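Take a look at the structure set out below.
The values are calculated or read from the model by the stated rules, or taken from the named source; none is laboratory data. The structure presented is a predicted model; accordingly, all values stated were derived computationally and were not measured. Neighbour counts are summed over all protein chains in view; Cβ atoms, including those assigned to glycine, are modelled from backbone coordinates with ideal geometry.
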Amino acid sequence: MEKPVSLFAVVDYLQFTTLSKFWILIFLIHTVTIMIKSVQTKEYAYFVEKLRKAREEAGLSQVKVAKKLKRPQSHISNIETGQQRVDVIELQRFAKMYGKEITYFVK
């Protein structure tokens, strides 16, 4: 297993100017913060995990689901990583597509 590399090491390796390194790090930290905040609660993390598992159990890829919903694949990825919230209507579509009851997705 490879040793994880820090963001600082990557930015330093790329040999940007000090000011550029600063802004790159600010951007990366902001992005990571958004991703961490997007899930927000244990309950929502549970929900998106169940959503992902249901898709996989249905034998569907993110690309196939996206095509059926007429959305880009990134939309499905953003939902499954908690970066984008799901409304009730969209949850109904997912449940039907995955052959699950809506109650499957909540504790």
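A few notes on this one:
- Within the stretch 52-63, residues that are among the hydrophobic types (A, V, I, L, M, F, W, C) reach partners that are part of a helix (DSSP H, G or I) with beta carbons closer than 6 Å, at six or more positions or on different chains, in the pairs Ala54/Tyr98; Ala58/Tyr98; Val63/Gln73.
- All told, Glu56 falls short of being of a type outside the set (Lys, Arg), farther than 17 Å from Met97 by Cβ and at pLDDT 70 or above.
- Selection over the stretch 90-107 of residues that are modelled with pLDDT of 95 or more, loosely packed, with under 13 Cβ neighbours inside 10 Å and part of a helix (DSSP H, G or I) gives a count of 2.
- Among the residues of the stretch 27-53, just one is of a type in the set (D, E, K, R) and either at pLDDT below 70 or assigned to a loop (DSSP other than H, G, I, E, B) (or both), namely Lys37.
- Residue tally, condition under 17 Å from Ala45 (Cβ atoms) and assigned to a loop (DSSP other than H, G, I, E, B), over the stretch 58-89: 6
- Checking each residue in the stretch 51-79 for being surrounded by 16 or more Cβ atoms within 10 Å (Cβ to Cβ) and over 11 Å from the mean Cα position of the chain (by Cα) picks out Leu51, Ala54, Arg55, Leu60, Gln62, Val65, Ala66.
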